[in-house]
Amino acid sequence: MGSSSDDRIHLKEAAMHTAATPFTLRPWREGKGYERRAGWRGTSAEFGEITVEAPLRQTVQEVIVSELRGGLVPPASYETRGIHTETIRLPTLNRATLRVGDAHVYMTRNRLGATARQRALQLRYGGDHYRLWARDRRSWVLARAADAEDPGVTVSVRGAGRGSRRRLDVTVSGRAGAADLSLALIFAGVDRAALTRGGAVRAGFSRVGQLWAEAQA
């Protein structure tokens, strides 16, 4: 009984907004061949262990999915569909569906934006508005807009290291809710290149090729 009660208390606290100390996600890998699983994993002092599996083992053609789970954060999934998924390693920003728990997260972006902020993903979840932009190919920021009841929060994820020393350093400015962490960190399992200047240009040419291929199919 005591353990169950403690779990409920911790879950309630995680659902509230709280200050979060910095933590780090590191690569993990298990199994071989078709059974291989990989992604990122780390532990937040406030929200517990967080695991991103990227991507999940593919079971349906033309569908690629990454998933986030953790004891004190709501699960999240990011799915991309289309013929282009046969040639990519991670879900992309095109033809994507993002869910946190059972709720759909609405996403829009300006593909022609000249700056990182203009190219940012605009997200809407649970009545809150977010913006996610890339600092570079390995680093990104998620910001929840302030409202009448809350000053907002910023979750910054900075990629560092090479090879086996790769890591994602996570810092939070403001008081974060559990969903803020899920929304920010599921993007560790997403190809975010199109949010950068060079990636946006390459993505434009790629879309033209994809449309041509689908027209010929």
Exercise. Tally time: how many residues in region 113-151 are part of a loop (DSSP other than H, G, I, E, B) and free of Cβ contacts under 8 Å to residues at least 40 places away in the same chain?
Worked result: 14
Exercise. If we keep just the residues of region 153-162 that are free of Cβ contacts under 8 Å to residues at least 24 places away in the same chain and either closer than 20 Å to PRO74 by Cα or open to solvent by 50 Å² or more (accessible area, probe 1.4 Å) (or both), which is farthest from the chain's Cα centre (by Cα)?
Worked result: ARG162
For this session: Consider ALA184 carefully, then state whether it is within 18 Å of PRO91 (Cα to Cα), touching a residue at least 40 places away in the same chain (Cβ under 8 Å) and open to solvent by 10 Å² or more (accessible area, probe 1.4 Å).
Result: no
For this session: Mind telling me which of the residues THR85, THR51, THR59, THR80 ends up being at pLDDT below 95, crowded, with 16+ Cβ neighbours inside 10 Å and either assigned to a loop (DSSP other than H, G, I, E, B) or among the polar types (S, T, N, Q) (or both)?
Result: THR85
Seminar exercise, completed: Considering residues that are part of a strand (DSSP E or B) and free of Cβ contacts under 8 Å to residues at least 24 places away in the same chain, the number found within region 16-48 is 7
Seminar exercise, completed: Counting only residues that are within 26 Å of ASN94 (Cβ to Cβ) and in contact with a His (Cβ under 9 Å, 6 or more places away or on another chain), region 42-74 contains a total of 1
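The values are calculated or read from the model by the stated rules, or taken from the named source; none is laboratory data. Bear in mind that the values here come from a model prediction, so they are computed numbers and not experimental data. All Cβ positions, glycine included, derive from the backbone under ideal geometry; neighbour counts span all protein chains shown. Please note that ligands, DNA and RNA were not included when accessible areas were found on the heavy atoms of the full protein model with its side chains. Shrake-Rupley method; radii C 1.70, N 1.55, O 1.52, S 1.80 Å.
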